[in-house]
Every structure is written in structure tokens, then in C-alpha cells.
Amino acid sequence: MQKLPQHAEEEEADKDVASKKDFDCPLCSANNPYDDGIKVGDEIRCYYCGAEFRAELTQENRWRFREI
Ligand SMILES: [Zn+2]
């Protein structure tokens, strides 16, 4: 299990991996809160750089955001 040094408090240890309340942009590293929750297959957008991603969950239950 790898942990990122930032924002790694409890969200990754949480059992609730099916939805997520925020994401870190892979491009600009900005943290984007998502009050509605992010689910697998959702299209999400970074509010800072405007890039769009599709949320995916790997076999290791880790979130990945693929640029659209
Ligand atoms: Zn961004």
C-alpha cells in the first residue's frame, strides 16, 4: 500500500472506496472537492486547469483519473 504524502489522512484507509469526495488533478495537482461524490465512470473536471478526466478504480482499489 502506497500513500501519498499529501491528503492521505483517512480517505484511502476508508472502506468506502466506491465513491470519493474529492480528487487531486493529475496535471496540476490541485485538490478538487466534489460534494456529490465521484463514482467509477464519472467524468470529472479540474476547476483549476479545466482538464477533464474519467474516474476509474484499479484492481487494487486505487483511484485513477484518465484524461479525456
Ligand atoms: Zn488541474
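Name the residue that is most open to solvent (accessible area, probe 1.4 Å), counting only residues in segment 18-36 that are within 15 Å of the ligand (Cβ to nearest atom) and aliphatic (A, V, I, L, M).
Of all residues in segment 18-36, those within 15 Å of the ligand (Cβ to nearest atom) come to 22-34.
Filter again for aliphatic (A, V, I, L, M), leaving 27, 30.
Values: Leu27: 98, Ala30: 16 Å².
Result: Leu27.
Answer with yes or no whether Arg54 is modelled with pLDDT of 90 or more, assigned to a strand (DSSP E or B) and loosely packed, with under 11 Cβ neighbours inside 10 Å. Show your work before the answer.
Working: modelled with pLDDT of 90 or more: yes; assigned to a strand (DSSP E or B): yes; loosely packed, with under 11 Cβ neighbours inside 10 Å: no.
No.
Is it the case that Lys39 is surrounded by 10 or more Cβ atoms within 10 Å (Cβ to Cβ), at pLDDT below 95 and in contact with a strand residue (DSSP E or B) (Cβ under 7 Å, 6 or more places away or on another chain)? Spell out how you get there, then give the answer.
Details: surrounded by 10 or more Cβ atoms within 10 Å (Cβ to Cβ): yes; at pLDDT below 95: yes; in contact with a strand residue (DSSP E or B) (Cβ under 7 Å, 6 or more places away or on another chain): yes.
Yes, satisfied.
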_For segment 57-67, which positions are over 10 Å from the mean Cα position of the chain (by Cα), open to solvent by 50 Å² or more (accessible area, probe 1.4 Å) and modelled with pLDDT under 95?_
Gln59, Glu60, Asn61
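The values are calculated or read from the model by the stated rules, or taken from the named source; none is laboratory data. Every value quoted in this text rests on a predicted model; they were computed, and no experiment measured them. Because the Cβ atoms are built from the backbone with ideal geometry, glycine has one as well, and the counts that use them run over all protein chains shown. Heavy atoms of the whole protein, side chains included, go into the accessibility calculation; ligands, DNA and RNA do not. Shrake-Rupley method; radii C 1.70, N 1.55, O 1.52, S 1.80 Å.
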